[in-house]
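*Asks:* Just dropping this structure here.
Quick note: the coordinates plus some simple rules give every number you see, no bench work behind them. Since this is a predicted model, take the numbers as computed values, not measurements. Cβ coordinates were reconstructed from backbone atoms using ideal geometry, including for glycine residues, and neighbour counts include every protein chain displayed.
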Amino acid sequence: MAKPSRMKPPMGHDNGWWWQQAADGKLAIQRCASCQTLRHPPRPMCSECRSMDWDFIESCGRGTVTSYTVLHHPQFPGYDYPLIIVLVDLEEGTRLTAQLQDCDSEDVEFGMAVESYIHQDADGFKIPMFRPATEGADNAN
Amino acid sequence: MPISLKNEAAIAGIGSTEFSKNSGVSELSLACQAINHCLNDAGLAPSEVDGLVTYTLDSTDEIEVARAMGMGDLTLFAKINYGGGAAVGLIQQAAMAVATGAAKNVVVWRAMNGRSGKRMGQGVSGDILSSDIIHWSWYMAYGMLTPVSWVAMIANAYMHKYGVTVEHLAEVAMAQRDFALNNPAAAGYGKPLTLDGYMNARMVCEPLRLYDCCQETDGGCALLITSTERARDLKQKPAVIRGVTQASSRGQEQMTSFYRDDLQSLPEMELAARRVYKMSGLGPQDIDATCLYDAFTPEVIMQLESFSFCGRGEAKDFVADGNLRRDGQLPNNTHGGLLSEAYIHGVNNIAEGARLIRGSSCNQPEGVEHVLISSGVGVPTGALILGRD
Ligand SMILES: [Zn+2]
């Protein structure tokens with residue numbers, strides 16, 4: 001029997017495009033087409049200038065861990081535990097919640113440098129994740 | 001001149017069902033039992049109730065209660081959103097209605113099979129595509145599905161910044177469990193909690209362990225709100241509403257306000273604090289006891305700062321000094337709270353606030369004049385100050 005797969009994010013007008021970018025291998029950040037303000041999570045309107053026009057940029061994927069938690073219980077099918085979830089300040093200035101892979105749950109720490117990649121599940125679903133930064137990415141501000 | 005809600009209305013009745021892990025009855029049945037006890041406590045006939053307010057999460061509609069209990073004409077019915085964030089929002093609705101004449105006698109309630117039925121702790125699902133579900137979508141795919149996982153993210157950032165330790169969290173849990181030992185209605189009755197017991201319980205979502213998390217309960221709790229004048233003619237000593245407000249702030253999400261600059265504070269709770277202190281003309285020095293919303297232990301510690309009982313980063317020391325206990329500066333959740341009495345989404349904490357004003361808590365401190373009660377933490381929330389007539 002196939003291993004159960006992760007819960008898929010419900011997708012609507014306001015978020016489906018972001019997951020499509022992930023499926024195409026990109027970590028996207030929504031950008032206001034009027035005032036250029038970046039925003040995440042995506043929303044239909046810019047909270048700075050009320051413009052409905054937007055496009056997006058591709059993130060460089062580098063960031064630092066601003067908070068994290070390690071999930072032990074309850075355990076849901078489709079996920080491996082302990083499950084590390086990090087809140088990452090991306091270099092572009094927006095923040096993203098995602099899973100941290102290739103890291104022991106004992107080793108995750110505040111301020112650690114991470115880099116994103118697109119993970120592919122056994123069922124083909126693609127989802128942005130982080131892993132510890134490989135090169136000496138400095139987290140100076 | 002706008003109407004101030006200060007002193008316009010009072011909590012005149014309190015009623016609860018038994019709290020259990022398996023009620024064996026419907027949520028409508030729990031609602032009716034709780035409301036019946038509430039009206040008997042106050043000495044008011046169901047036919048006099050003209051307003052009903054509950055949670056959007058409550059499965060029981062207002063008119064189902066009204067028919068089952070033989071209520072007649074209703075002129076106010078409303079449901080308030082955001083889970084436990086609704087708690088004192090119910091009181092605000094009721095107080096506004098009473099102050100403006102929209103209704104005279106308003107019953108608010110929450111009744112839930114929170115253990116045997118839909119368990120909040122088991123997380124969200126994506127059945128209906130709404131803006132709220134799109135919000136949850138950013139967490140669901142990563143397996144971040146439960147309230148404790150969302151709270152852990154903020155708690156960890158707060159604890160890291162201010163050096164809060166698990167011993168501080170444990171003190172919140174143990175202080176409230178000690179109160180529950182005197183409360184026969186509480187889940188924690190007869191079950192003392194030691195530091196060893198706390199530390200040895202399973203890790204749920206780091207840094208939160210089992211006893212950092214509230215109960216899951218089948219039960220109901222109801223309150224009657226009427227004019228302060230009318231409350232004086234009923235059976236119980238009124239718990240007068242000195243100030244009440246809802247509060248949500250910029251960048252607010254439901255449980256996952258992860259994208260604000262400052263993760264280590266609760267701006268919506270600070271807004272609630274400013275509003276209730278201003279409306280009541282009171283300050284933190286006037287508050288004798290609290291029922292701070294306690295779905296998770298770090299929420300209690302953070303709120304001590306939101307309500308200015310302590311400066312930023314100082315709440316851990318305030319807690320470590322035993323101030324949340326009966327002989328401390330600020331006895332908190334003297335019934336055991338959501339952690340050790342029952343999880344009725346905060347309505348049972350408001351009920352305890354009213355008991356503290358009546359002088360009838362099972363852990364009644366001396367000379368309680370004013371009690372501060374809050375709604376859910378990390379969601380659109382609110383605060384309430386009750387006082388003696
Ligand atoms: Zn803009």
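*Asks:* Return the ratio Rg/(2.2 N^0.38 Å) for the range A:16-132, where Rg is computed over Cα atoms only. Provide the component values of the computation, followed by the final result.
*Replies:* Working: Rg = 15.2 Å, N = 117, 2.2 N^0.38 = 13.4 Å.
It is 1.13.
*Asks:* Right, here's the next one. Starting from the Cα of B:E366, step 7 Å along the direction of its Cβ; do the same at B:Y259; then give the gap between the two resulting points in nm.
*Replies:* 5.3
*Asks:* Using a cut-off of 12 Å between beta-carbons, work out the net charge of the residues near B:G313 (Lys and Arg +1, Asp and Glu -1, B:G313 not included).
*Replies:* On the way: positive: B:K161, B:R312, B:K316; negative: B:E305, B:E314, B:D317.
With Lys, Arg at +1 and Asp, Glu at -1, the neighbours total 0.
*Asks:* Between A:D53 and A:Q36, with labels modelled 7 Å along Cα→Cβ, what's the label distance in nm to one decimal, could you check?
*Replies:* Reported label-point gap for A:D53 and A:Q36 is 1.5 nm.
*Asks:* Let me ask you something else. How high is the relative contact order of the range A:16-132, in percent, counting Cα pairs under 8 Å that sit 6 or more residues apart?
*Replies:* Numbers: 230 pairs, mean separation 28.2, N = 117.
Over the range A:16-132, the number comes to 24 percent.
*Asks:* Then there's this: Would you work out which of B:N81, B:V108, B:M96 lies farthest towards the positive end of the dipole of the range B:68-165, given +1 charges on the beta-carbon of Lys and Arg and -1 on that of Asp and Glu, about the Cα centre?
*Replies:* Most positive-ward Cα: B:V108.
*Asks:* Taking square-rooted eigenvalues a ≥ b ≥ c of the alpha carbon gyration tensor, is chain B rounded, prolate or oblate, where a/c under 1.5 means rounded and, failing that, a/b exceeding b/c means prolate? Can you show the working numbers first?
*Replies:* Working: a/c = 1.43, a/b = 1.28, b/c = 1.12.
Rounded is the answer for chain B, as its axis ratio a/c remains below 1.5.
*Asks:* Quick one: putting +1 on the C-beta of Lys and Arg, -1 on the C-beta of Asp and Glu, what dipole do you get for chain B around its Cα centre, in Debye to the nearest 20? Display every interim value, and only then the final one.
*Replies:* Working: 31 positive and 42 negative charges, 44 e Å.
Around 220 debye, computed over chain B.
*Asks:* Continuing with the same structure: Between B:S116 and B:M199, with labels modelled 7 Å along Cα→Cβ, what's the label distance in nm to one decimal, could you check?
*Replies:* Rounded to a tenth, the inter-label distance reads 3.9 nm.
*Asks:* If packing is taken as the average count of other Cβ atoms within 10 Å, what order do B:341-348, B:33-40 fall into, highest mean first?
*Replies:* Details: B:341-348: 31.1, B:33-40: 21.9.
Most protected by this proxy first, the peptides run B:341-348, B:33-40.
*Asks:* Calculate, in nm to one decimal, what B:D73 and B:S130 gain on full extension: separation in residues at 0.36 nm each, minus their alpha carbon distance.
*Replies:* On the way: separation 57, 0.36 × 57 = 20.52 nm, distance 3.37 nm.
That pair, B:D73 and B:S130, stretches by 17.2 nm at full extension.
*Asks:* If a/c stays under 1.5 just call it rounded; otherwise compare a/b with b/c (prolate if a/b is bigger, oblate if not). Do that for the range A:57-114, with a ≥ b ≥ c from the square roots of the Cα gyration tensor eigenvalues. Working shown, then result.
*Replies:* Values: a/c = 2.46, a/b = 1.76, b/c = 1.40.
Prolate shape, in that a/c is at least 1.5 and a/b is the bigger ratio.
*Asks:* Identify all aspartates and glutamates with a Cα-Cα distance to B:K118 below 13 Å; exclude those on the same chain that are fewer than 8 residues away in sequence.
*Replies:* Here the aspartates and glutamates satisfying the reach criterion relative to B:K118 are B:E27, B:D58, B:E216, B:D218.
*Asks:* Return a whole-number percent for the relative contact order of the range B:350-389, with Cα pairs under 8 Å and 6 or more residues apart as the contact set.
*Replies:* Relative contact order here is 38 percent.
*Asks:* To the nearest whole percent, what portion of all C-alpha pairs in the protein assembly as shown is separated by more than 34 angstrom?
*Replies:* Values: 54002 of 140185 pairs.
In whole percent, the share of Cα-Cα pairs in the protein assembly as shown beyond 34 Å is 39.
*Asks:* While we're here: Specify the angular offset, from 0 to 90 degrees and rounded to the nearest 10, of the alpha carbon long axis of helix B:297-306 from the longest principal axis of the alpha carbons in chain B.
*Replies:* Relative to chain B, helix B:297-306 is tipped by roughly 80 degrees.
*Asks:* For the range A:1-56, compute Rh as the Kirkwood radius over C-alpha pairs and then the Stokes-Einstein diffusion coefficient at 25 °C and 0.890 mPa s; write the answer in µm²/s, rounded to an integer.
*Replies:* Stokes-Einstein gives a translational diffusion coefficient of 195 µm²/s.
*Asks:* Run down the lysines and flag those whose C-alpha is under 18 Å from the C-alpha of B:K235, throwing out any fewer than 8 positions away in its chain.
*Replies:* B:K104
*Asks:* Another question, then. Which listed residue (A:V65, A:W18, A:C35) has the Cα farthest towards the positive end of the charge dipole for the range A:16-132, taking +1 on Lys and Arg C-beta and -1 on Asp and Glu C-beta about the Cα centre?
*Replies:* A:C35
*Asks:* Still on this structure: Grab the other residues whose beta carbon is less than 12 angstrom from that of B:Y82, score K and R as +1, D and E as -1, and report the net. Mind dumping the intermediate values first?
*Replies:* Values: positive: B:K79; negative: B:D132, B:E253, B:E268.
Here the count lands on -2.
*Asks:* Here is a further query. Given a cut-off of under 8 Å on Cα pairs at least six residues apart, what relative contact order in percent is computed for the range B:189-318? Kindly include the intermediate steps, with their values, before the conclusion.
*Replies:* Details: 92 pairs, mean separation 25.9, N = 130.
RCO, the range B:189-318: 20 percent.
*Asks:* I would also like to ask the following. Would you list which lysines come within 17 Å of B:K316, measuring only between C-alpha atoms, while excluding same-chain residues fewer than 8 positions from it?
*Replies:* Candidates past the 8-residue exclusion: B:K161.
*Asks:* Sorting A:F125, B:F19 on the 10 Å Cβ count, fewest up front, what's the list? Each step should come with its number before you reach the end.
*Replies:* Numbers: A:F125 17, B:F19 23.
Ordered by Cβ neighbours within 10 Å, fewest first: A:F125, B:F19.
*Asks:* Taking the Cα centre as origin and putting +1 on Lys and Arg beta-carbons and -1 on Asp and Glu beta-carbons, what dipole magnitude results for the protein assembly as shown, to the nearest 20 debye?
*Replies:* Working: 43 positive and 62 negative charges, 229 e Å.
Around 1100 debye, computed over the protein assembly as shown.
*Asks:* Which of B:G163, B:G190, B:V148 sits farthest toward the positive end of the charge dipole of the range B:148-207, with +1 on the Cβ of Lys and Arg and -1 on the Cβ of Asp and Glu?
*Replies:* Value computed over the given set: B:V148.
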